[in-house]
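The values are calculated or read from the model by the stated rules, or taken from the named source; none is laboratory data. Everything quoted here is computed from the prediction, not taken from an experiment. No Cβ is skipped: glycine too gets one built from the backbone with ideal geometry, and neighbour counts run over all protein chains shown. We work out accessible area using only protein heavy atoms, side chains counted, and drop any ligands, DNA or RNA first. Shrake-Rupley method; radii C 1.70, N 1.55, O 1.52, S 1.80 Å.
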Amino acid sequence: MVMELSVPGETCWEARLPAWRRALIGDFNGDGVPDIAVSTSSGFSVVLGKGKGTFQPPIAVSLPPLASSSRLAAGDFNRDGHLDLITNGTTFLPGNGDGTFGTPVAVNSDLDIRSFVAGDFNNDGYLDLVDVGNGYFETQPMQVLLGKGDGTFQAARRFWNLPQIPDKVVAADFNHDGNLDLALTLLYNDAYGVAILFGTGSGSFAPPVIYATDSLLNGLGAADLNGDGAVDLIATGSLVDVFLGKSDGTFPTRVDYALGVFPSQVAAGDFNSDGKLDLAVTGYGSGPGYLGILFGNGDGTFQTPLLYTDNASTGAPIASRRPERRRDRRCTRGGPGRIALSQRAYGYRESIVAGFWNDCDRIYIAERAHHGDE
């Protein structure tokens, strides 16, 4: 279920999505309206947006046996002008441009993949992949697969042989040299941190520069939070750690925010339409789960979090001021931000995404709750 809330909290409408694990936003049918791709237990579904925050019925897409859709990346990997998908770093699905996809093609990867990211890492105009292997508490491999521009990839090249265990990965040009870099969350013998690997522009990466954190990290995001043109990082663990970046790719300032028990996934967006980036963070613990909103001050700092806790008996979100259900779907440009929650909004959340889903200047969030029986 996707539920629209005004911040600090009026429930305005809701729409149903399939039970899902991961989600991403993209225009899969080329109509200029953002759609949602969600991974499910049997494959994934594409939910085409109609504008004004409404959606068409989901289009289910099946995958070959043993293929997984637990992680998704979108891009035009075969350069035909249509948005394609890579599922779990192992399967390429060419987009047809109408919200459907062609025959799945296996990606030449021999890793059990923990996470992956797509980007042009050798500056040839073709999308590549960087995979983080699922090595757990052993040396964990990473590899880069350089794209050929037709949806296929060159042979994988492994490049991580350090004892630290990489987990989540994001890509951005942190040092403004025109080459894509990597940021990784790390775990090693109870020492936690974020690693920055500067890209060389040839598909290889410099040795990591590591910034310590206080706890095991659950989520990682990147955005320019203070408007200085440099990419900042948001890492979630026991706290929400904000690393303010400089244009040389260093992160000298870290500010921590206490939000609730076990902050999990994070998304950035201007949720109150004041021109400043805010943060949305999901969390879980021994009690009900929650969605936390940290309104940005525009300088990389944030106000006291607004928490939406979940009522486990009904699955309905509850704000400090209870939302009043309304059916008025009219919108006013420049009005309050909006938040959308997935069904069963309690427990551990694996994914959270934000985007524009209507013709107003509003950002929505979709996030998914995890349960042990799913």
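Details
- Candidates Thr185, Thr200, Thr152, filtered to the one that is among the β-branched types (Val, Ile, Thr) and closer than 24 Å to Gly296 by Cα: Thr185
- All positions within the range 292-311 that are assigned to a loop (DSSP other than H, G, I, E, B) and either open to solvent by 60 Å² or more (accessible area, probe 1.4 Å) or at pLDDT 75 or above (or both): Phe295, Asn297, Gly298, Asp299, Gly300, Thr301, Gln303, Thr304, Pro305
- A single entry from Pro8, Pro94, Pro57 fulfils the requirement of being within 27 Å of Ser115 (Cβ to Cβ) and either modelled with pLDDT of 90 or more or surrounded by fewer than 21 Cβ atoms within 10 Å (Cβ to Cβ) (or both): Pro94.
- Of the strands (runs of 3 or more DSSP E) lying entirely inside the range 137-189, those containing at least 2 residues that are open to solvent by less than 30 Å² (accessible area, probe 1.4 Å) and touching a residue at least 40 places away in the same chain (Cβ under 8 Å) span 165-172, 181-188.
- Filter pass, Leu197 being under 26 Å from Val266 (Cβ atoms) and open to solvent by less than 40 Å² (accessible area, probe 1.4 Å): yes
- Residues that are open to solvent by less than 30 Å² (accessible area, probe 1.4 Å) and in contact with a Ser or Thr (Cβ under 8 Å, 6 or more places away or on another chain), drawn from the range 225-241: Ala230, Ala235, Thr236, Gly237, Asp241
- Selection within the range 190-227 - more than 26 Å from Gly125 (Cα to Cα), in a loop (DSSP other than H, G, I, E, B) and either over 21 Å from the mean Cα position of the chain (by Cα) or without any contact (Cβ under 8 Å) to a residue 24 or more places away in the chain (or both): Asp190, Asp214
- Test: Val209 is closer than 20 Å to Gln164 by Cα and surrounded by fewer than 20 Cβ atoms within 10 Å (Cβ to Cβ): yes
- Filter result for Tyr126 (assigned to a loop (DSSP other than H, G, I, E, B), of a type in the set (Phe, Trp, Tyr) and either at pLDDT 95 or above or over 27 Å from Val266 (Cα atoms) (or both)): yes
- Some residue of the range 33-53 being touching an Asp or Glu at 6+ places or on another chain (Cβ under 8 Å), among the hydroxyl-bearing types (Ser, Thr, Tyr) and at pLDDT below 85: yes
- Residue list for the range 97-118, filter: at positive phi and surrounded by fewer than 20 Cβ atoms within 10 Å (Cβ to Cβ): Gly97
- Tally of residues being surrounded by fewer than 19 Cβ atoms within 10 Å (Cβ to Cβ) and farther than 16 Å from Val209 by Cβ across the range 242-256: 2
- Of all residues in the range 96-123, those that are assigned to a strand (DSSP E or B) and within 20 Å of Leu184 (Cα to Cα) total 7.
- Test: residue in the range 264-281 that is more than 18 Å from Gln303 (Cα to Cα) and either at pLDDT 95 or above or surrounded by fewer than 20 Cβ atoms within 10 Å (Cβ to Cβ) (or both): no
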